[in-house]
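**Student:** The following block contains the structure, expressed as structure tokens.
None of the figures in this text is laboratory data; all of them are computed from the coordinates on show. Computed from a prediction, not measured in an experiment: that's the story for all the values here. Note that we place each Cβ from the backbone using ideal geometry, even for glycine, and neighbour counts take in every protein chain shown.
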Amino acid sequence: MNNRDVGVLEARTRTTKVDADIVSRFATCSRALGIAVHGRKRPADLAAARAGFAALTRVAHDQCDAWVGLAAAGDTSARVLEAVWRTELTVGALQRQLDLQHGALGFHYDSGLYLQFRATDPDGFQLAYASALTAAGRYGEAYRLVTEIAERRPGFRDARWLATVIHYRAERWSDVVKLLTPIVNDQELDDLFAHAAKIALGSALARLGMYAPALSYLEEPAGPIAAAATDGALAKGLVLRAQDDEETAAEVLQDLYAANPENEQVQHALLDHSFGIITTTAARIEARTDPWDPNTEPNESDFIDPGAHERKAELLAEAERELGEFIGLDEVKDQVQRLKSSVAMAIRREQHGLAVGQRAHHLVFAGPPGTGKTTIARVVAKIYCGLGLLKKENVREVHRADLIGQHIGETEAKTNAVIDSALDGVLFLDEAYALVATGAKNDFGLIAIDTLLARMENDRDRLVVIIAGYRADLDRFLDTNEGLRSRFSRSIDFPSYTAGELVEIATVMAEHRDSVFEPSAQEDLQALFGQLAAASHPDANGVERRSLDIAGNGRFVRNLVERSEEEREFRLDHSEQAGTEAFTDEELMTITAEDVRNSVAPLLRGLGLEAKV
């Protein structure tokens with residue numbers, strides 16, 4: 001499409017007769033710009049030029065040169081740039097009367113992102129007007145003007161940059177990447193253009209969540225454009241934060257703040273560790289109902305991914321299968337199924353427009369160690385994700401040491417970083433009561449709890465927290481802050497395993513490892529687990545516990561199976577057959593009662609326990 005196609009780009013004012021008075025006034029105004037007219041030049045007086053051209057446009061409103069002069073004098077308002085573009089068919093009519101040198105009359109305009117360009121011809125005027133439309137948020141109109149030029153002049157970098165700016169302002173990050181990737185490493189780019197392209201491309205990649213390639217452009221953000229250097233350093237810091245490198249991110253942001261203390265965004269990023277990059281995807285951008293309005297873009301939970309339904313069904317089926325494979329824990333299984341039904345029906349009621357009470361999805365898993373709490377947390381994560389409550393099935397397991405720092409301010413930063421890494425999934429806080437185990441009022445654990453509560457509120461649609469541990473200890477933990485108990489209103493109780501269940505667990509675990517307990521070994525296991533279940537012993541904190549709970553229930557079984565296999569390997573390696581290697585599969589697989597007995601004593605000694613086998 002030609003830029004003079006008035007049917008598409010709206011009618012322009014055509015050339016009209018120029019009288020001598022207008023030419024004379026144009027000459028006077030041009031001299032005020034500092035332009036040589038008929039060989040005579042005088043110092044520029046932009047105020048006089050602006051007043052003169054403003055008056056001239058009122059009587060010669062159809063003359064493009066008059067409007068260009070007004071823009072050159074400093075008035076690059078949207079009204080003036082539109083007039084320049086609308087009258088472009090008369091460009092040069094006044095300049096030719098004065099024999100002005102080509103390009104002598106022109107004006108600089110702001111592209112809208114880092115760079116300024118000079119317009120002296122119709123294409124430049126059209127781009128200048130497109131920049132004004134972009135600034136006004138009229139992206140579609142601006143893009144049509146820019147595209148018309150870019151198609152005629154593929155190598156015209158001004159047009160490519162204006163297209164980049166339009167997509168950047170409309171937050172169409174994938175299109176920014178497409179426009180800049182082919183040219184960002186072009187050695188012919190001047191320093192300004194190269195710096196602007198590098199920072200804009202790095203920022204766009206960051207907004208798409210492509211952190212590694214983004215850092216390749218943002219690693220050295222300094223350059224000749226101050227605003228780009230600041231934006232690049234800020235984006236670099238936030239990318240590092242998104243990669244859980246809070247220490248390096250803090251260094252970058254501190255240096256940036258020292259150089260830009262008046263920048264509120266930098267200050268916010270430094271003080272608020274939850275401040276980060278809001279990412280999207282090319283697919284979600286393309287799913288907008290209005291391609292130029294980011295507000296019409298579906299959020300991640302609303303976005304209809306063609307494969308999402310199938311993946312959610314697979315997650316639910318996988319969770320169902322894993323739950324069914326659990327040995328024992330019948331009450332736990334029932335509570336998990338009820339939890340699933342509660343969430344699923346709440347979603348159905350909401351879809352039918354029925355009232356749904358606000359329910360917290362955070363959970364308390366109360367029970368001794370080794371009773372499957374972590375594994376059930378993963379099942380719950382799959383259920384929540386399969387039902388659409390969470391976007392990810394990830395479970396981030398943490399303990400006190402992951403949250404607590406040694407210095408003032410460090411705990412809040414560590415806790416926020418951990419929570420950031422768990423967003424859209426499950427944060428599993430094992431032995432949660434350890435956060436306040438000291439009981440001291442100045443314990444940094446209280447800061448971690450306050451930070452956790454704030455994020456549970458601020459990110460309530462993106463975070464599910466499960467706390468785990470002994471029931472009595474968790475009750476004391478929930479009493480340390482009035483906001484905790486109201487948020488953890490649902491509990492699942494994990495009972496200790498029975499001796500018979502532990503024997504079954506050991507048998508299945510061995511089968512998965514191509515091992516098998518001989519009958520007498522199984523009898524010894526039954527006796528061992530029975531003794532540990534009946535006995536009690538003080539734990540590390542002096543609290544009397546079942547010996548089996550101190551041993552770790554299922555964890556103890558795993559350790560016992562592994563140790564028994566080691567004893568079997570040692571026994572076979574020192575047997576008469578070892579030299580001939582004439583072992584049957586049965587011999588290589590069987591764990592004997594002797595193997596079990598030789599394993600038990602050292603394992604119990606390490607736990608401070610004892611039992612007769």
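**Student:** Please give the contour-minus-distance gain from Leu607 to Arg349: 0.36 nm per residue of separation, less the Cα-Cα distance, rounded to one decimal in nm.
**Tutor:** 87.8 nm
**Student:** Given Leu429, Cys29, Gly209, which one lies farthest toward the positive end of the charge dipole of the chain, if we put +1 on the Cβ of every Lys and Arg and -1 on the Cβ of every Asp and Glu?
**Tutor:** My answer, from the dipole projection, is Cys29.
**Student:** Would you list Phe365, Phe53, Phe488 from fewest to most Cβ contacts within 10 Å? Please report the intermediate quantities before stating the final value.
**Tutor:** Numbers: Phe365 26, Phe53 30, Phe488 20.
With the fewest neighbours first, Phe365, Phe53, Phe488 line up as Phe488, Phe365, Phe53.
**Student:** Okay, helix-only estimate at 222 nm for the chain: each DSSP H run of n ≥ 4 adds -39500 (n - 2.57), divide by all residues, round to 500 deg cm²/dmol; what do you get?
**Tutor:** -17500 deg cm²/dmol
**Student:** Suppose the chain between Glu286 and Lys312 were pulled fully straight at 0.36 nm per residue; how much longer would it get relative to their current alpha carbon spacing?
**Tutor:** 7.1 nm is the gain from fully extending Glu286 to Lys312.
**Student:** Pull up the DSSP beta bridges for the chain and report the antiparallel fraction as a percent, rounded to 5.
**Tutor:** If I count the DSSP bridges inside the chain, around 30 percent turn out antiparallel.
**Student:** Based on Cβ point charges of +1 for Lys and Arg and -1 for Asp and Glu, what charge dipole magnitude is obtained for the range 6-271 about its Cα centre, in debye rounded to the nearest 20?
**Tutor:** 1420 debye
**Student:** I've got another one for you. Taking only Cα atoms of the range 103-261, what ratio of Rg to Rh do you get with Rh as the Kirkwood inverse-distance radius?
**Tutor:** 1.00
**Student:** Beyond 26 Å, what share of the Cα-Cα pairs of the range 213-345 is found? Please give it as a whole percent.
**Tutor:** Beyond 26 Å sits 54 percent of the P(r) for the range 213-345.
**Student:** For the Cα atoms of the chain, what angle does the longest principal axis make with the long axis of helix 157-169, in degrees from 0 to 90, nearest 10?
**Tutor:** That works out to roughly 50 degrees.
**Student:** Still on this structure: Quantify how much of the Cα-Cα distance distribution of the range 51-101 extends past 16 Å, in percent.
**Tutor:** Percentage above 16 Å: 32.
**Student:** So between Asn541 and Lys333, what do we pick up on full extension, going 0.36 nm a residue minus the alpha carbon distance?
**Tutor:** 71.8 nm
**Student:** Which distance in Å, rounded to a whole number, links the C-alpha centroids of the range 51-112 and the range 514-530?
**Tutor:** Result: 96 Å between the Cα centres.
**Student:** Once the Cα atoms of helix 593-607 and of the chain are each reduced to a long axis, what angle between those two axes, in degrees from 0 to 90 to the nearest 10, is obtained?
**Tutor:** 60 degrees
**Student:** If you don't mind, there's one more thing I want to ask. Find the relative contact order for the chain and round it to a whole percent, using C-alpha pairs within less than 8 Å whose residues are 6+ positions apart.
**Tutor:** Numbers: 890 pairs, mean separation 46.9, N = 613.
Normalised by residue count, the contact order of the chain is 8 percent.
**Student:** Per residue, how big is the convex hull around the C-alpha atoms of the range 499-607? Give it to me in cubic angstrom, could you?
**Tutor:** Value for the range 499-607: 86 Å³ per residue.
**Student:** While we're looking at this one, here's another question. Got the relative contact order for the range 308-493 handy, in percent, Cα pairs under 8 Å and 6 or more residues apart?
**Tutor:** Working: 257 pairs, mean separation 52.4, N = 186.
This gives 28 percent for the range 308-493.
**Student:** Over 15 Å, how big is the tail of the calculated P(r) for the range 388-456, in percent of all Cα pairs?
**Tutor:** When all Cα pairs of the range 388-456 are counted, 51 percent exceed 15 Å.
**Student:** Give the peptides 183-192, 543-552 in descending order of average Cβ contacts within 10 Å, highest first.
**Tutor:** Order by mean packing, descending: 543-552, 183-192.
**Student:** Which whole-number percent gives the relative contact order of the range 499-607, counting Cα pairs below 8 Å spaced six or more residues apart?
**Tutor:** Taking the mean separation of contacting Cα pairs over the length of the range 499-607, I get 35 percent.
**Student:** Taking the Cβ of each residue in Glu297, Glu586 as the centre, tally the other Cβ atoms inside 10 Å and list the residues starting with the fewest.
**Tutor:** Glu586, Glu297
**Student:** Stokes-Einstein at 25 °C, 0.890 mPa s, Kirkwood radius from Cα pairs: D for the range 392-501 in µm² s⁻¹?
**Tutor:** So the translational diffusion coefficient is about 169 µm²/s.
**Student:** Which Cα, out of Thr580, Leu234, Thr480, lies furthest along the positive dipole direction of the chain (beta carbon charges, K/R +1, D/E -1)?
**Tutor:** Leu234
**Student:** Given just the C-alpha atoms of the range 215-290, how large is their convex hull per residue in cubic angstrom?
**Tutor:** Value for the range 215-290: 130 Å³ per residue.
**Student:** Let me ask another. Once you have all Cα-Cα distances for the chain, histogram them in 20 Å bins from zero and send the whole-percent values.
**Tutor:** For the chain, the pair-distance distribution reads 15, 33, 26, 16, 8, 2, 0.
**Student:** Could you size up the charge dipole of the range 308-493 around its Cα centre, putting +1 on the beta carbon of Lys and Arg and -1 on that of Asp and Glu, and report it in debye to the nearest 20?
**Tutor:** 480 debye
**Student:** Under unit Cβ charges (Lys, Arg +1; Asp, Glu -1), what dipole magnitude, rounded to 20 debye, does the chain have relative to its Cα centre?
**Tutor:** It comes to approximately 3660 debye.
**Student:** For the range 308-493, list log₁₀ I(q)/I(0) at each q in 0.12, 0.13, 0.14 Å⁻¹, using the Debye formula over Cα point scatterers of equal strength and ignoring solvent, two decimals each.
**Tutor:** At q = 0.12, 0.13, 0.14 Å⁻¹ the computed log10 ratios are -0.57, -0.67, -0.78.
**Student:** Ranked by Cβ crowding within 10 angstrom, fewest neighbours first, how are Ser203, Ser421 ordered?
**Tutor:** Ordered from fewest to most neighbouring Cβ atoms within 10 Å, Ser203, Ser421 come out as Ser421, Ser203.
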